[in-house]
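Here is the structure we will look at, set down as structure tokens.
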Amino acid sequence: MAATKIDVLGIGNAIVDVLSRSDDAFLKDHELAKGSMSLIDEAQAEALYTKMSAGIEISGGSAANTIAGVASFGAKGAFIGKVRDDQLGKIFAHDIRSIGVEFTTDAATSGPQTARCLVLVTPDGERTMNTFLGASQNLSVDDINEDQVASANVLYLEGYLWDPEQAKRAFLKATKYAHNAGRQVALTLSDAFCVDRYRDEFQNLLRKDVDILFANEAEIMSLFKASNFEDAVKLASEECKLAVLTRSEKGCVIIKGNECHEVPAVGIDEVVDTTGAGDLFAAGFLYGLSQDKPLPECGHLGALAANEIISHIGARPEMSLAELATSRNL
């Protein structure tokens, strides 16, 4: 097996987040379901953007956030995602490269604009997301480089990008390259509604192509059509090689064969914004895994990263996760 050059390579939607503080009245006035993630078209995105208060623009996207977290821990991350050759596309590319992440995907020269997610954050830290997927949906097999995939210790796939047929083909091509090189493939289920749409396909992926599954409580229950979390855990132990199940303030459960580890969440005085908590948990866990740390320690690193991200606005770390881990002797 060739030596790895990349610790974690993520494939997902390349999105620029626009984060703005809001209140429940604004959500009600614009018929937005609090805490939801809604897909909108380009015209809707423009209309909502004009009504939002002043916002912060920062590169986002679930898998991209995870890879940014991996880099903050001091590991080598890379990301594959599609942007357009427009202003937001340039912002995305600059932001992710500036933190040391390898990003070489060619920008589209025609078609939809770069994706953006309009995130409304209420005082309780809940986020309501309105996403225009734009150019990110046009990722294709031509964007997958076999040498790059083969050089990554772990390939990390974002469930949100399973919608477009050409992106599915890109995922499957990447998993083939990874397994041919003896690498591990991880999948995050992303959203319970996403699981509802593709339950059979995700279960097939799990049996054939996925070595590490990330899911929250709602997602894993949806995947196995379980009526409670305990039943979902049992099914995950039978169907998954390694399952990492997050439960917000209840911490996480890590399952590998007969092993089952429960790891508590890290306490916090005030939740400011939950955007990216699951993404950064995955970052900490995958960083630990890339360093051959025991599974419970991987879980603690994930909890630490999630704790940092919910303490401020935005889904990218504001402090070095490597320094934070060192301060906690992790």
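Here are the numbers for the structure shown:
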| read-out | value |
| --- | --- |
| Where only C-alpha atoms are counted, convex hull volume of the stretch 6-327 per residue in Å³ | 124 Å³ |
| Candidate lysines for bridging to Lys173, where Cα separation is under 17 Å - those fewer than 8 sequence places away on the same chain excluded | Lys82, Lys208 |
| Fewest-first sequence of His179, His94 by Cβ atoms within 10 Å of each Cβ | His94, His179 |
| Inter-probe distance in nm under a simple model that places probes 7 Å from Cα toward Cβ, at Arg97 and Glu270 | 3.8 nm |
| For the stretch 256-266, Karplus couplings with θ = phi - 60° (6.51, -1.76, 1.60), whole Hz, Gly/Pro x | 9, x, 7, 7, 9, 10, 9, 10, x, 6, 8 |
| Distance (nanometres) between label positions extended 7 Å along Cα→Cβ at Leu235 and Ala218 | 1.7 nm |
| Spin-label pair Thr326/Arg21, simplified geometry with 7 Å Cα→Cβ offset, distance in nm | 3.3 nm |
| Residue-averaged 222 nm ellipticity for the chain, from DSSP H runs of 4+ at -39500 (n - 2.57), nearest 500 | -12000 deg cm²/dmol |
| Distant-in-sequence amide H partners of Gly251 (H built 1.01 Å from N, under 5 Å) | Ala265 |
| Difference of contour (0.36 nm per residue) and Cα-Cα distance, Ser36 to Glu201 | 57.0 nm |
| Gain in span if fully extended, Asp29 to Ser311, counting 0.36 nm per residue against the direct Cα distance | 98.8 nm |
| For Ile80, distant residues with modelled amide H under 5 Å away | Gly10, Ile11, Gly12 |
| Bridge type composition, the chain - antiparallel percent by DSSP, nearest 5 | 40 percent |
| Difference of contour (0.36 nm per residue) and Cα-Cα distance, Asn258 to Lys225 | 9.7 nm |
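Read-outs: derived from the displayed coordinates by stated rules, not from any lab. The structure displayed is predicted, hence computed values, not measured ones. Every residue, glycine as well, gets a Cβ built from its backbone with ideal geometry; the counts of neighbours run over all protein chains shown.
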